[in-house]
1. May I ask you to list the residues in region 196-215 that are touching a residue at least 40 places away in the same chain (Cβ under 8 Å) and either out of contact with any helix residue (DSSP H, G or I) (no Cβ under 6 Å at 6 or more places or on another chain) or not in a loop (DSSP other than H, G, I, E, B) (or both)?
2. Check 262, 230, 277 and return the single one that is surrounded by fewer than 24 Cβ atoms within 10 Å (Cβ to Cβ) and either more than 16 Å from the ligand (Cβ to nearest atom) or touching a residue at least 12 places away in the same chain (Cβ under 8 Å) (or both).
3. Looking at region 52-78, which of its residues are buried (at least 21 other Cβ atoms within 10 Å of the Cβ), closer than 27 Å to residue 346 by Cα and either modelled with pLDDT under 95 or touching a helix residue (DSSP H, G or I) at 6+ places or on another chain (Cβ under 9 Å) (or both)?
4. Any residue in region 294-301 that is modelled with pLDDT under 95 and part of a loop (DSSP other than H, G, I, E, B)?
5. Every residue in region 28-51 that is in contact with a helix residue (DSSP H, G or I) (Cβ under 9 Å, 6 or more places away or on another chain) and loosely packed, with under 13 Cβ neighbours inside 10 Å, please.
6. Which of the following residues is touching a strand residue (DSSP E or B) at 6+ places or on another chain (Cβ under 6 Å), modelled with pLDDT of 95 or more and assigned to a loop (DSSP other than H, G, I, E, B): 396, 405?
7. Among 196, 146, which is within 15 Å of the ligand (Cβ to nearest atom) and modelled with pLDDT under 95?
8. Please work out which one of (1) within 12 Å of the ligand (Cβ to nearest atom); (2) touching a helix residue (DSSP H, G or I) at 6+ places or on another chain (Cβ under 7 Å); (3) not in a strand (DSSP E or B) is the condition residue 245 fails and give its number.
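The values are calculated or read from the model by the stated rules, or taken from the named source; none is laboratory data. Predicted, not measured: the structure shown is a model, and the values here were computed from it. Here the Cβ positions follow ideal geometry from the backbone for every residue, glycine too, while neighbour counts run over all protein chains shown.
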Ligand code: PLP
């Protein structure tokens, strides 16, 4: 009997939709344990894991220093709901990577970080509209669950039931990488726009880097019209470089959202920025935000040791070396488009070069990807279970493992296209 036919107390058998593997028409992978670059299923089968906790695990699974730090922290108390030194240390480590940051608020997820950043932007500007880009994901808060209507820039329509149209209508969706549309929207409605939120390297439609000039245009237009620029670096922060996509492309937002890596594999998010904006948050200011578990001792211990090891081992140089192994094997493949930015990458079953926006991404052959995914899984490689998700590298991988994986991937790309 298929696992999804078995009565489960979990809705759809999972706690987050993508884990159901429906986009590739497979059974979910039920993990028994994970170590280094591998996850193991209940039958003891081993998979080279390119999901990597959806990007959270830059050091791989169960890194000994992270496990030790978590154990030590837990033995001193799992939840205080009070201040402790580890949260200040984590904030300081984050601020050290982004020199324009004075303040950090730790929250429990990337979703919360993005919600809070938009709330701050609305408070700062006294305006309502939030601009986002099609194919970018900023968590599951109501205002972000909006897709583009026909004809380019339209007021958002909810793309989930349960989202009131009044809330969806506070979001405007534009195509990614389209500077002209950004300029036109600001020219028409600039004085109503509180914020532009963007994944500065999109990772939630597969990896779509910004075209030269795109981020610069966002910076220019938001500054000109008095709106705030929010970089959602929940995925890219500490991944595409130490100072994220902001540093890699040299464009500095007003507010930064982080998550994933900074928690070392435990639930976390963070909003960060200059004091004059961040000090509007409660208790310093009038913008409310709070959390029972926010900045707890165990997640801070995991985050602190992860960021410390990242610095000590210069993991970004290492990920770049690993990435070059993939480049060698995959960039010349025919019939697919291979895109990599630092430690994240994608393979689109798509002819004609790397996609620049969601519409181009949607032209990929998702059925070919599904066939490819299933065969890779049978050969011990765990790719993300959707053609719209990024693949992640981590420092527990090595060049030999990636050589072998890249050869398998090459063979199976050619098979899946037949
Ligand atoms: N923003 C981006 C860019 C993400 O990739 C994600 C999650 O994948 C989120 C926000 C939401 O983060 P979380 O799942 O921790 O709520």
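1. So in region 196-215, the residues touching a residue at least 40 places away in the same chain (Cβ under 8 Å) come out as 196-209, 211.
Those that are touching a residue at least 40 places away in the same chain (Cβ under 8 Å) and either out of contact with any helix residue (DSSP H, G or I) (no Cβ under 6 Å at 6 or more places or on another chain) or not in a loop (DSSP other than H, G, I, E, B) (or both): 196, 197, 198, 199, 202, 203, 204, 206, 207, 208, 209, 211.
2. Numbers: 262 fails: surrounded by fewer than 24 Cβ atoms within 10 Å (Cβ to Cβ); 230 fails: surrounded by fewer than 24 Cβ atoms within 10 Å (Cβ to Cβ).
Checking each option against the conditions leaves just 277.
3. Of everything in region 52-78, those that are buried (at least 21 other Cβ atoms within 10 Å of the Cβ), closer than 27 Å to residue 346 by Cα and either modelled with pLDDT under 95 or touching a helix residue (DSSP H, G or I) at 6+ places or on another chain (Cβ under 9 Å) (or both) turn out to be 55, 56, 57, 58, 59, 60, 61, 63.
4. Quick first cut of region 294-301, residues modelled with pLDDT under 95 only: none.
No, because not a single residue in region 294-301 is modelled with pLDDT under 95 and part of a loop (DSSP other than H, G, I, E, B).
5. Listed by number, the list holds a single entry, 30.
6. Details: 405 fails: assigned to a loop (DSSP other than H, G, I, E, B).
Step by step, each of 396, 405 is checked, and only 396 is touching a strand residue (DSSP E or B) at 6+ places or on another chain (Cβ under 6 Å), modelled with pLDDT of 95 or more and assigned to a loop (DSSP other than H, G, I, E, B).
7. Numbers: 196 fails: modelled with pLDDT under 95.
Selected residue: 146, the only one of 196, 146 that is within 15 Å of the ligand (Cβ to nearest atom) and modelled with pLDDT under 95.
8. Result: residue 245 passes all but (2).
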